[in-house]
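Before any comments, here is the structure.
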Amino acid sequence: MIRARILALGFLFALAAPLADPAAAQAPALRASVTVTGDVVRIGDLIEHAGAVAEVPIFRSPDLGTRGAVATDRIVEAIRPHQLIDIDTRGLSEVIVTRSSRTITAPEIAARISQALSGHFGLGEARNVTVYFDRDIRNLQVEPDATGELQVLGLTYDPRTTRFDVTFDLPSSAALHRQPARYTGTALETVPAVTVQHPVEHGEVLKESDLAIVRRPKTESAAITDMSAVVGLAARHPLRPDQPLRMADLMKPEIVARNETVTIVYQAPGLLLTLSGQAQEAGALGDTIGVLNVESKRIVQGVISAPGRVTIGAASNRVVDNALKSASNPNTGAE
């Protein structure tokens with residue numbers, strides 16, 4: 001008897017549970033954030049389980065690619081005429097609404113202009129046509145389902161001033177079709193040029209990490225275009241970023257400093273002498289510099305053959321004379 005009553009109660013609870021849970025699960029509730037694709041925000045975008053009124057529009061959507069906040073009080077007030085009551089606001093003070101879009105970036109716009117200009121007006125390939133806008137431009141925002149590339153509605157270019165004026169449309173975008181995008185600026189053919197990424201002082205040896213590639217007008221043909229041709233050379237004078245490098249800006253690294261004590265090496269058939277000297281100027285490997293013979297107090301010309309080492313050839317008569325004198329004096333360090 002008791003067992004029968006327990007079974008009966010269990011059966012009643014089993015019937016009651018499905019009646020209560022679906023009602024709770026379907027209660028209208030506010031969403032914390034929502035993304036919309038159209039021009040309007042509908043009740044169903046903001047409210048879960050909005051039922052028959054889900055497709056009713058109540059607000060205008062934000063602009064393409066932007067977001068906005070709608071206060072909970074405004075939402076409740078806008079929905080009230082549609083008999084949607086007892087909404088669970090979940091303690092939210094506002095709902096964030098985002099308008100989805102397809103973004104056409106500024107680099108994409110510049111590339112499209114380069115493409116439109118390439119092969120015309122004396123300009124070369126699109127990859128070598130660099131565009132400079134009159135002002136900073138924003139990314140274009142179009143509908144997320146808008147496909148295809150920007151179409152040129154109008155284009156003018158003056159080769160003398162390098163100025164352009166272009167207007168774009170996108171047939172698959174209602175927004176851009178209604179209001180075409182117009183851009184003005186300058187465009188010219190450029191070539192890659194090597195520059196430094198940070199200030200470089202005189203004599204500093206350049207490493208690959210110091211260098212960068214920038215685009216410069218093709219008319220600046222003297223600029224170095226190959227980064228490998230620069231690595232290992234030194235700055236002939238202070239260098240600044242974005243300044244295209246030319247061979248006149250660079251030199252071989254100095255391995256002898258001015259006033260540095262060096263070894264003068266005199267070589268002739270059957271004779272090798274080493275003398276002490278003082279460099280009268282700085283120089284790189286292979287440079288010819290003046291060196292003071294500290295014993296004779298004469299200045300001779302020699303070629304830098306290694307760090308701290310200057311080699312004198314047999315053609316230097318004054319060094320020959322001095323070398324012979326040094327050879328007869330064991331205190332000169334002759335070898």
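Sort through 112, 90 and tell me the only one that's farther than 22 Å from residue 62 by Cα and part of a loop (DSSP other than H, G, I, E, B).
Working: 112 fails: part of a loop (DSSP other than H, G, I, E, B).
Exactly one residue qualifies, and that residue is 90.
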Legend entry - Unmet criterion (only one of (1) touching a Phe, Trp or Tyr at 6+ places or on another chain (Cβ under 9 Å); (2) under 30 Å from residue 214 (Cβ atoms); (3) not charged (D, E, K, R)) for residue 70: (2)
Legend entry - Given (1) buried (at least 17 other Cβ atoms within 10 Å of the Cβ); (2) at pLDDT below 90, number of the condition residue 181 does not satisfy: (2)
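The rows are residues; the columns are (1) surrounded by 13 or more Cβ atoms within 10 Å (Cβ to Cβ); (2) closer than 30 Å to residue 218 by Cα; (3) assigned by TED's automatic domain parsing to the domain that holds residue 165.
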| residue | (1), (2), (3) |
| --- | --- |
| 55 | no, no, no |
| 62 | yes, no, no |
| 83 | no, no, no |
| 89 | yes, no, no |
| 116 | yes, yes, yes |
| 122 | no, yes, yes |
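Can you name every residue in the stretch 91-105 that is small (Gly, Ala, Ser) and surrounded by 17 or more Cβ atoms within 10 Å (Cβ to Cβ)? Don't jump to the end; show me each part of the working.
Filtering the stretch 91-105 down to residues small (Gly, Ala, Ser) leaves 91, 93, 100-101.
Correct list: 101 only.
Is it the case that residue 166 is in the same structural domain as residue 245 (by TED's automatic domain parsing) and in contact with a helix residue (DSSP H, G or I) (Cβ under 6 Å, 6 or more places away or on another chain)? Walk me through how you get there before you give the answer.
On the way: in the same structural domain as residue 245 (by TED's automatic domain parsing): yes; in contact with a helix residue (DSSP H, G or I) (Cβ under 6 Å, 6 or more places away or on another chain): yes.
Yes; evaluated as a whole, the condition is true for this residue.
Being of a type in the set (Asp, Glu) and modelled with pLDDT of 90 or more, is that true of even one residue in the stretch 228-244? Give the steps one after another, and end with the answer.
Taking the stretch 228-244 and keeping what is of a type in the set (Asp, Glu), we get 242.
So of that shortlist, the ones also modelled with pLDDT of 90 or more come out as none.
The answer is no, given that none of the residues of the stretch 228-244 is of a type in the set (Asp, Glu) and modelled with pLDDT of 90 or more.
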Inset, instruction - Could you grab the pairs with beta carbons closer than 8 Å, sequence gap of 6+ or different chains, first residue in the stretch 300-321 and within 26 Å of residue 253 (Cβ to Cβ) and among the charged types (D, E, K, R), second one surrounded by fewer than 17 Cβ atoms within 10 Å (Cβ to Cβ) and modelled with pLDDT of 75 or more? - result: 309/263
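Against the condition within 18 Å of residue 110 (Cβ to Cβ) and at pLDDT below 95, how does residue 150 come out, does it pass? Walk me through how you get there before you give the answer.
On the way: within 18 Å of residue 110 (Cβ to Cβ): yes; at pLDDT below 95: no.
Here the answer is no, as residue 150 does not meet what is asked.
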Legend entry - Single residue of the stretch 211-248 satisfying the filter (among the aliphatic types (A, V, I, L, M) and in a strand (DSSP E or B)) that is surrounded by the fewest Cβ atoms within 10 Å (Cβ to Cβ): 213
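Table: residues versus (1) out of contact with any His (no Cβ under 7 Å at 6 or more places or on another chain); (2) at pLDDT 95 or above.
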position: 96; (1), (2): yes, yes
position: 104; (1), (2): yes, yes
position: 109; (1), (2): yes, yes
position: 113; (1), (2): yes, yes
position: 127; (1), (2): yes, no
position: 133; (1), (2): yes, yes
position: 142; (1), (2): yes, yes
position: 171; (1), (2): no, no
Legend entry - Residue list for the stretch 48-73, restricted to those being part of a helix (DSSP H, G or I) and either without any contact (Cβ under 8 Å) to a residue 12 or more places away in the chain or over 14 Å from residue 84 (Cα atoms) (or both): 52, 72, 73
Inset, instruction - Hey, could you check the stretch 148-174 for residues that are surrounded by 12 or more Cβ atoms within 10 Å (Cβ to Cβ) and polar (S, T, N, Q) and say which is nearest to residue 216 (Cα to Cα)? - result: 162
Inset, instruction - Kindly indicate whether residue 123 is over 30 Å from residue 38 (Cα atoms) and hydrophobic (A, V, I, L, M, F, W, C). - result: yes
Inset, instruction - Can you give me the number of residues within the stretch 110-149 that are free of Cβ contacts under 8 Å to residues at least 40 places away in the same chain, in contact with a strand residue (DSSP E or B) (Cβ under 9 Å, 6 or more places away or on another chain) and hydrophobic (A, V, I, L, M, F, W, C)? - result: 3
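Looking at 304, 255, 299, which is the one that is of a type outside the set (S, T, N, Q) and either at pLDDT 90 or above or not in a strand (DSSP E or B) (or both)? Step through it out loud before you land on a result.
Numbers: 304 fails: either at pLDDT 90 or above or not in a strand (DSSP E or B) (or both); 255 fails: either at pLDDT 90 or above or not in a strand (DSSP E or B) (or both).
Answer to the selection: 299.
The values are calculated or read from the model by the stated rules, or taken from the named source; none is laboratory data. Owing to the predicted nature of the structure, the values given are computational and were not obtained by experimental measurement. Cβ sites come from the backbone with ideal geometry, for glycine too, and all protein chains shown count toward neighbours.
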